[in-house]
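Contents: one structure, followed by commentary.
The values are calculated or read from the model by the stated rules, or taken from the named source; none is laboratory data. Worth saying up front: this structure is predicted, and the values here are computed from it rather than measured. FYI the Cβ positions are ideal-geometry reconstructions off the backbone, even for glycines, and counts take in every protein chain you see.
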Amino acid sequence: MRIHWLDALFGRVVLSRSPRYFSDGWGPLSALDALIVPPRTPGELHDLSLGPTLREGPLVVQEGRFESPAAKSPMPPACSHARFQLVLPAEAGPHPPVCLLLSASGDEGFGRRRSLAKDLARHGIGALLLENPYYGARRPPGQRGVAVRTVIDLLLMFRAAAIESLALLQWLRARGHERLGISGFSMGGSLAAYTAALFPGPLAAIPVAAAHAVAPIFEEGVLSDMADWRALGSDAGASPAIRRRLCDVLAPASITALPPPAAPRSAILLAAREDGFVPPSSTRRLAEHWQGAEVRHLPGGHVSVSLTQQRAIVRAVWDAFARLAPSAAA
């Protein structure tokens, strides 16, 4: 696997300075039986509230809040109150197409995705930015940074974000936004792909630097040792048995275990040519599973793509939306 130098450098910095994932071990493995079953599309969000509409140059912005449909799961109470920002082009009419943008690892709040939302607005596409469970204002007490404390917490986060995304896509459609899409970078890309596979109708799906599942990140690549292996039961680093067990427990968060999305032709997968975080074999597995989807390879690695390839990402979102039939909501 060819790794971009910036990915290698960034990986060393992360591993030397950041808290390890799973510092409290596996968590309640009794919850696995419920997590193995793919989530269903939730019902209507009755308690969603929207704040005032604010004009920000060419944008109109509203912040929304709702009780997570996943709140009855074993998630910590702090994760149950979801919030998002709806960013629409001011001159695009009342119901422009909207792309749900999911957060990458470490992307707390909304700031890092606002730049992409602004560029999409220039092309007449709105954006909805969901704050991830376990992140930002939804971070549970005692969690250091974005490093979730147990393996079960990671599965709960992934599942809850997908359920909330499904609910928000339904809400957008009920508001009259007929052409919808979903995208994200890295972890957000995998979440976008997982949600697109669960959504019952056609979507523009644009996963960027996404793995086909959560487990491969812990198998190989520059961040494969970001788990607290001692807390998982291995005193001598990542033993093959413990690493294998971790991947087995994380198996429910696999996109290839689900059917392909309803409109694979409206899916564009963006992959970094020298990605040191997401194994190329994982991206290939997702592309092979989503037969009919387009794959575009971007120059550079995981980190450099996030820093320098926003124009290519915007173009891919535009192209994926253009492939949606005008009656996609029918």
(message) If Pro69 meets every condition in (1) under 18 Å from the mean Cα position of the chain (by Cα); (2) surrounded by fewer than 20 Cβ atoms within 10 Å (Cβ to Cβ) apart from one, which number is that one?
(response) (2)
(request) For residues that are touching an Asp or Glu at 6+ places or on another chain (Cβ under 7 Å) and in a strand (DSSP E or B), scanning just the range 59-68, find the one that is nearest to His95 (Cα to Cα). (result) Phe66
(request) Give the residue, chosen from Ala117, Ala147, Ala161, that is touching a helix residue (DSSP H, G or I) at 6+ places or on another chain (Cβ under 7 Å) and buried (at least 18 other Cβ atoms within 10 Å of the Cβ). (result) Ala161
(message) Would you confirm whether or not the range 220-230 contains a residue that is out of contact with any strand residue (DSSP E or B) (no Cβ under 9 Å at 6 or more places or on another chain), of a type in the set (A, V, I, L, M, F, W, C) and outside any loop (DSSP other than H, G, I, E, B)?
(response) no
(request) Quickly run through the range 43-56 and pick out the residues that are of a type in the set (A, V, I, L, M, F, W, C) and either assigned to a loop (DSSP other than H, G, I, E, B) or touching a residue at least 24 places away in the same chain (Cβ under 8 Å) (or both). (result) Leu45, Leu48, Leu50
(message) Quick check on Leu100: is it at pLDDT 95 or above, part of a helix (DSSP H, G or I) and not small (Gly, Ala, Ser)?
(response) no
(message) Which condition from (1) over 19 Å from the mean Cα position of the chain (by Cα); (2) farther than 17 Å from His123 by Cβ is the one that Cys79 breaks?
(response) (1)
(message) Can you find a residue that is over 30 Å from Arg173 (Cα atoms), touching a helix residue (DSSP H, G or I) at 6+ places or on another chain (Cβ under 7 Å) and at pLDDT 95 or above anywhere in the range 255-263?
(response) no
(message) Checking the conditions here, which among Asp33, Asp47 is within 30 Å of Gly64 (Cβ to Cβ), of a type in the set (Asp, Glu) and surrounded by fewer than 14 Cβ atoms within 10 Å (Cβ to Cβ)?
(response) Asp47
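Yes/no matrix, rows are residues, columns are (1) in a loop (DSSP other than H, G, I, E, B); (2) more than 26 Å from Ser254 (Cβ to Cβ):
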position	(1), (2)
Gly106	yes, no
Arg113	no, no
Asp119	no, yes
Tyr134	yes, no
Pro140	yes, no
Gln143	yes, no
Val146	yes, no
Arg149	yes, no
Leu154	no, no
(message) Would you confirm, using the coordinates I've provided, whether Leu169 is in contact with a Lys or Arg (Cβ under 9 Å, 6 or more places away or on another chain) and buried (at least 23 other Cβ atoms within 10 Å of the Cβ)?
(response) no
(request) Would you mind telling me which numbered condition in (1) assigned to a helix (DSSP H, G or I); (2) modelled with pLDDT under 90 Gly237 fails? (result) (1)
(message) Among the residues of the range 160-189, what is the count of those that are in contact with a Ser or Thr (Cβ under 9 Å, 6 or more places away or on another chain) and either over 21 Å from Ile125 (Cα atoms) or not in a loop (DSSP other than H, G, I, E, B) (or both)?
(response) 18
(message) Just to be sure before I move on: is Leu59 in contact with a helix residue (DSSP H, G or I) (Cβ under 9 Å, 6 or more places away or on another chain), of a type in the set (A, V, I, L, M) and either in contact (Cβ under 8 Å) with a residue 40 or more places away in the chain or closer than 21 Å to Tyr135 by Cα (or both) in the structure I sent?
(response) yes
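Residue-by-condition table, conditions (1) in contact (Cβ under 8 Å) with a residue 60 or more places away in the chain; (2) assigned to a loop (DSSP other than H, G, I, E, B); (3) within 30 Å of Arg243 (Cβ to Cβ); (4) not small (Gly, Ala, Ser):
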| position | (1), (2), (3), (4) |
| --- | --- |
| Ala31 | yes, no, yes, no |
| Leu35 | yes, no, yes, yes |
| Thr41 | yes, yes, no, yes |
| Ala70 | yes, yes, yes, no |
(message) Being surrounded by fewer than 21 Cβ atoms within 10 Å (Cβ to Cβ) and either within 14 Å of Ala210 (Cβ to Cβ) or of a type in the set (S, T, N, Q) (or both) is true for just one of Arg245, Arg284. Which residue is that?
(response) Arg284
(message) Every residue in the range 101-114 that is crowded, with 23+ Cβ neighbours inside 10 Å and out of contact with any helix residue (DSSP H, G or I) (no Cβ under 6 Å at 6 or more places or on another chain), please.
(response) Asp107, Arg113
(message) Checking the condition hydroxyl-bearing (Ser, Thr, Tyr) and out of contact with any helix residue (DSSP H, G or I) (no Cβ under 7 Å at 6 or more places or on another chain), which residue from Ser239, Ser224 passes?
(response) Ser239
